[in-house]
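Throughout, read-outs are computed from the coordinates displayed, never taken from laboratory work. What you are looking at is a predicted structure, and each value in this text was computed from that prediction instead of being measured. Note that each Cβ is placed from the backbone with ideal geometry, even for glycine, and that neighbours are counted across all protein chains shown.
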């Protein structure tokens, strides 16, 4: 045996190569000199040994996660910020006791007794300019990210559905006379969607699917930093985040069958129009039931 097939400075790696060749019944030896290890075999076994070690390298190498789908810049975050600001100019702050708050806030007891539309309309109301600004800025980050992944129309309707689910779950959690407003449930739902999409993406990894919990941990970390504090409705934030993770992971599983391709632009326009229609329709129902 006089052919040096591989060299390494790692005794562990040299031992792994030995085990592979032993399993393949290929004669070999490892020579050590000055801290370097040489794997030596017969010239006639070069082909078989090379193939065996190549298989080991392929199985043992860390799997590279494919890049996340990117549909390009999305106007979703900007449109949401503009829409929320326009709504605030119409409804005013909560201390003015506007009829908009009477008709559309997320009163838990009313939602649980059939006023489902309040889980939607409450997302568009804000207590003051600071409340609006914080949600608009968060929306520019998280909602825009959802739009880049899914497209504006699909991203918008999924955020609305998950945020509405978060408000329903908050009503179930509190019952009684709990009342809430604000798009923060929607911004945390958007964050949850991103985390859920990443969970499903990581579960596709062959070598390290156990790391699927990392996006969930990151989402909970942001929740701890941004969603908990004096005067905040942290339950709606947490339940919005949780709903987003569930819906995001579920949608990602479906999207995997399409090769991560988002719907084409006509569908995006249709879904975006449907999102706006649901919000506008919910407000029409809200005022109809006010009288």
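Computed from Cα atoms, the angle from the helix 76-91 axis to the main principal axis of the chain rounds to 20 degrees. Test of understanding: extend the Cα→C-beta vector of residue 48 to 7 Å, then name every residue of the stretch 6-26 with backbone N under 17 Å from that spot. Under 17 Å, as judged by backbone N against the label point of residue 48, lie 18-26 of the stretch 6-26.
The ranking of 143, 225 by Cβ neighbour count inside 10 Å, starting from the fewest, reads 225, 143.
Label separation (residue 246 vs residue 226): 2.2 nm, computed from points 7 Å beyond Cα along the C-beta direction. Measuring max minus min along each principal axis, the C-alpha atoms of the stretch 3-60 give extents of 28, 26, 14 Å (largest first). Relative to the longest principal axis of the Cα atoms of the chain, the long axis of helix 184-203 makes an angle of roughly 20 degrees. Exposure proxy for 247, 142, 188, 56: other Cβ atoms within 10 Å of each Cβ, ordered fewest to most, give 56, 247, 142, 188. Relative to the longest principal axis of the Cα atoms of the chain, the long axis of helix 213-226 lies at roughly 40 degrees.
For the options 195, 24, 163, a Gaussian network treatment of the chain with springs between C-alpha atoms closer than 10 Å singles out 24 as fluctuating the most. Taking 126, 237, 28 in turn, the Gaussian network model of the chain (Cα-Cα springs below 10 Å) assigns the largest fluctuation to 28. Rounded, prolate or oblate for the stretch 76-120? Axes are the square roots of the Cα gyration tensor eigenvalues, ordered a ≥ b ≥ c, and the cut-off for rounded is a/c under 1.5. Note, shape of the stretch 76-120 comes out oblate. Classify the stretch 56-207: rounded, prolate or oblate, from the alpha-carbon gyration tensor (a ≥ b ≥ c, eigenvalue square roots; a/c under 1.5 rounded; otherwise prolate if a/b is larger than b/c)? Here the stretch 56-207 falls in the prolate category. Using C-alpha pairs under 8 Å with a sequence gap of at least 6, the mean separation divided by the residue count of the stretch 3-60 gives a relative contact order of 41 percent. The Stokes-Einstein estimate for the chain, based on a Kirkwood radius over Cα pairs and taken at 4 °C with 1.567 mPa s viscosity, is a diffusion coefficient of 59 µm²/s. Between the C-alpha center of the stretch 1-48 and that of the stretch 138-162 there is a gap of 54 Å. Averaging the sequence gap over all C-alpha pairs within less than 8 Å and six or more residues apart, then dividing by the number of residues, gives the chain a relative contact order of 19 percent. Shape analysis of the stretch 1-133 places it in the prolate category; the axes a ≥ b ≥ c from the Cα gyration tensor give an a/c of at least 1.5, with a/b above b/c. Taking every DSSP helix (H) stretch of at least 4 residues in the chain, weighting each as -39,500 (n - 2.57) and dividing the sum by the residue count yields a mean residue ellipticity at 222 nm of -21000 deg cm²/dmol.
Comparing 81, 108, 54 in a Gaussian network model of the chain, where Cα atoms under 10 Å apart are tied by springs, the biggest mean-square fluctuation is seen for 54. Annotation: the residues 8, 102, 185, 275, sorted from fewest to most other C-beta atoms within 10 Å of their own C-beta, follow the order 102, 8, 275, 185.
Calculation over all alpha carbon pairs of the stretch 101-190 in 5 angstrom steps from 0 returns a P(r) of 3, 16, 24, 23, 17, 11, 5, 1 percent.
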